[in-house]
Amino acid sequence: MYYTSAMKLTAIVKLLPTDEQRQTLRQTLERANAACNWISLQAWDTKTFNNVALHHLTYYPVREQFALSAQVVVHCIGKVSDAYKLDKKVQRTFKPHGAIAFDSRILTWHIEQRTVSIWTLDGRAVITFQAGESHIELLKFQQGESDLVYCKGAFYLYATCDIPDATPIDPEGFLGADMGIKNILADSDGTIYSAKHLLNVPHRHRRLRKKLHSWSFAQLRATIGYKAAGAGVRSVAVDARYTSQQCSCCGHTSRSNRPNQATFSCVACGFACHADLNAARVIASRAAVNPPYAVCILGFAPVTTASP
């Protein structure tokens with residue numbers, strides 16, 4: 001399976017407001033979240049949780065009562081509606097300094113100047129920001145909403161960025177990846193990535209085990225493919241059945257080839273190596289012959305790229 005969809009990443013910048021701007025931003029969040037709580041009360045009392053219906057019910061009263069801009073009210077209504085999607089059994093409440101979304105109508109980025117123009121209760125404020133270079137690069141692809149976040153006395157903007165995929169490069173070969181619990185990953189180049197450092201302390205062991213019960217390998221494969229596409233690297237999912245029993249040298253498949261968890265020893269040709277490395281090499285060979293659309297939820301093989 002080739003992954004070609006564009007990526008959505010988040011650029012994080014720290015705002016550097018003046019003391020006056022800091023106070024205004026805090027008051028803006030407090031007013032917006034007070035509006036969210038009022039909207040939530042109306043939603044709860046009338047059992048109106050749909051975004052459109054809730055908009056018709058509360059938009060004008062909120063504009064009049066809280067003196068917020070039209071777009072801030074729209075985002076407040078959306079925030080409340082989204083909260084009730086998670087749970088309609090309990091009335092939702094919002095903290096005074098909870099994050100509020102801003103779109104291009106009420107927030108403008110000036111990347112070269114390292115400033116943003118953002119709507120506040122006192123009108124538009126031009127505020128300086130700072131960020132790492134990687135996040136500055138992401139901002140070139142900023143699309144959609146940016147969340148104003150107040151954390152430990154500082155203000156941040158979390159900006160959604162649509163990153164176009166790099167042009168895919170035809171691969172010279174395939175790097176097989178065998179994933180497991182004891183060894184996080186083994187690749188067909190002969191490298192084993194052990195999970196020992198994650199399992200050496202009991203509470204970390206329990207935490208890792210909890211995550212692996214909640215995070216499927218299918219999701220992990222999808223995430224790897226998603227990241228690979230952004231770098232122009234094609235990724236192919238293959239059928240991983242019997243990769244632990246098939247010999248990467250002669251192709252003979254037998255349970256007898258796997259005498260224990262760590263060892264692979266072919267009963268037909270005598271080839272022997274670490275079991276996970278053998279499985280990774282089998283995966284790489286299957287990727288080389290699989291059509292692009294061949295998919296199985298049991299296996300995954302990322303593809304190496306040719307040099308430009």
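All of Val52, Val72 fail the test of being without any contact (Cβ under 8 Å) to a residue 40 or more places away in the chain and of a type in the set (A, V, I, L, M, F, W, C), apart from Val52.
So which residues in the range 261-278 are assigned to a loop (DSSP other than H, G, I, E, B) and in contact (Cβ under 8 Å) with a residue 12 or more places away in the chain? Of everything in the range 261-278, those that are assigned to a loop (DSSP other than H, G, I, E, B) and in contact (Cβ under 8 Å) with a residue 12 or more places away in the chain turn out to be Gln261, Ala262, Cys266, Val267, Ala268, Cys269, Phe271. Taking the residues in the range 111-151 that are among the β-branched types (Val, Ile, Thr) and closer than 16 Å to Arg22 by Cβ as candidates, determine which candidate is surrounded by the fewest Cβ atoms within 10 Å (Cβ to Cβ). So the residue we want is Val126.
Among the residues of the range 148-184, those that are under 30 Å from Leu15 (Cα atoms) and small (Gly, Ala, Ser) comprise Gly153, Ala154, Ala159. If you filter the range 13-56 down to residues that are surrounded by 15 or more Cβ atoms within 10 Å (Cβ to Cβ) and assigned to a loop (DSSP other than H, G, I, E, B), you find that the one that is farthest from the chain's Cα centre (by Cα) is Thr48. With the structure loaded, tell me whether Ala275 is under 30 Å from Leu9 (Cα atoms) and at pLDDT 85 or above or whether it fails that test. Criteria not met by Ala275. Just one residue in the set Thr93, Thr108 is in the same structural domain as Val73 (by TED's automatic domain parsing), surrounded by fewer than 16 Cβ atoms within 10 Å (Cβ to Cβ) and outside any loop (DSSP other than H, G, I, E, B); that residue is Thr108.
The values are calculated or read from the model by the stated rules, or taken from the named source; none is laboratory data. Because the structure is a prediction, the values reported are computed rather than measured. Methodologically, a virtual Cβ is constructed for each residue, glycine included, from the backbone with ideal geometry; neighbour enumeration extends over all protein chains shown.
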